[in-house]
Amino acid sequence: MESSAEQTVRLEPWSEGDFGLVVRSNSEAMTDHLGGPESPEKLADRHRRYVELRDQGRMFKIVLPDGEPAGSIGYWAREWRGEPVWETGWGVFPEFQGRGIAAAAARLLVAYVREHGAADEGGAPRRALHAYPSVDHPASNAICRKAGFELLGEVAFEYPKGNPLRSNDWRVLL
């Protein structure tokens, strides 16, 4: 059965006008498991990458029925264990957490990637979508489970560069 969040949340492509959402996401609460807040220069660079992400993935804002943005979600190309795959990540603003919005957005993203992400711009097939939440972030791990990802186990990760992280490797086959 679909949650009420799933029936109402929609994904809209990231645009130039969405820089404020990057800034809003740069709080201690939202970056605690990602190495902490970023500098203004890094935020500008992140926004530029989000806007330019097209054939190598896509960023979306998560939008509520009244048009209010609740956060962001996206996917991008990466190599993982010698295979071309997609990686996903998301962030829902604190005032919207705990309502099923992130899980609903993740399910919508999986459906989108299944429809549009069979290969990257170079034609490399990408048969899986992975998420790598920190092992000590129960909410993000629960989102993976609720969105139909399979837990493959713990992995060592570095995000951002220079910040070692123990993550869970979650995968959904496309």
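Bear in mind these aren't lab numbers, they're just calculated from the coordinates by the rules spelled out. Just so we're clear, the structure is a prediction, and the values are computed from it rather than from any experiment. Every residue, glycine as well, gets a Cβ built from its backbone with ideal geometry; the counts of neighbours run over all protein chains shown.
Structural remarks
- Spatial separation of Cα centroids for region 63-111 and region 136-174, in angstrom: 13 Å
- Once the Cβ-Cβ distance of Arg10 and Leu174 is raised to the sixth power relative to R0 = 22 Å, the FRET efficiency obtained is 0.55.
- Sorted by Cβ neighbour density within 10 Å, fewest at the top, the residues Ser72, Ser134: Ser134, Ser72
- Loop-exposed GluC sites (Glu not before Pro) per DSSP, neighbour cap 15 Cβ within 10 angstrom, longest uninterrupted part of the chain: 3-120
- Virtual spin-label span in nm between Trp80 and Arg24, 7 Å along Cα→Cβ: 2.8 nm
- FRET efficiency, 1/(1 + (r/R0)^6) with R0 30 Å, evaluated for Tyr112 and Asp136 via beta carbons: 0.55
- Hydrophobic long helices, here whole DSSP H runs in the chain with Kyte-Doolittle means of at least 0.5 and Cα atoms spread over 15 Å or more along the helix axis, are found at 101-116.
- Local net charge near Val23, Cβ-Cβ under 12 Å (Lys/Arg +1, Asp/Glu -1): +1
- Set of lysines near Lys146 by C-alpha distance (under 22 Å), chain-local residues within fewer than 8 positions excluded: Lys61
- Region 99-174: trypsin sites (Lys or Arg not before Pro) in DSSP loop, at most 15 other beta carbons within 10 Å: Arg127, Lys161
- Overall shape of region 29-129 was characterised from the C-alpha gyration tensor. The equivalent ellipsoid obtained from it has semi-axes of 24, 18, 13 Å, in decreasing order.
- Interchain or long-range residues, amide H under 5 Å from Val135's placed H: Arg166, Ser167, Asn168
- Simple point charges give the picture: +1 on the Cβ of Lys and Arg, -1 on the Cβ of Asp and Glu, and for region 95-172 a dipole about the Cα centre of about 220 debye.
- Antiparallel bridges, percent of DSSP beta bridges restricted to the chain (to nearest 5): 90 percent
- Normalising the average separation of contacting C-alpha pairs (under 8 angstrom, six or more residues apart) by the number of residues puts the relative contact order of the chain at 20 percent.
- Model label points for Leu152 and Gln97, set 7 angstrom from Cα along the Cα-to-Cβ axis, are 2.7 nm apart.
- Under-5 Å amide H pairs with Gly89, H placed in peptide plane, nonlocal only: Gly74
- Whether region 13-60 is rounded, prolate or oblate, judged on the alpha carbon gyration tensor where a/c under 1.5 counts as rounded: prolate
- Within the chain: Cβ-based charge dipole about Cα centre, in debye rounded to nearest 20 (Lys, Arg +1; Asp, Glu -1): 300 debye
- The chain shape via C-alpha gyration tensor axes, a/c threshold 1.5: rounded
- Estimated [θ] at 222 nm from DSSP helical runs (n ≥ 4, -39500 (n - 2.57)) normalised by residues in the chain, nearest 500: -8500 deg cm²/dmol
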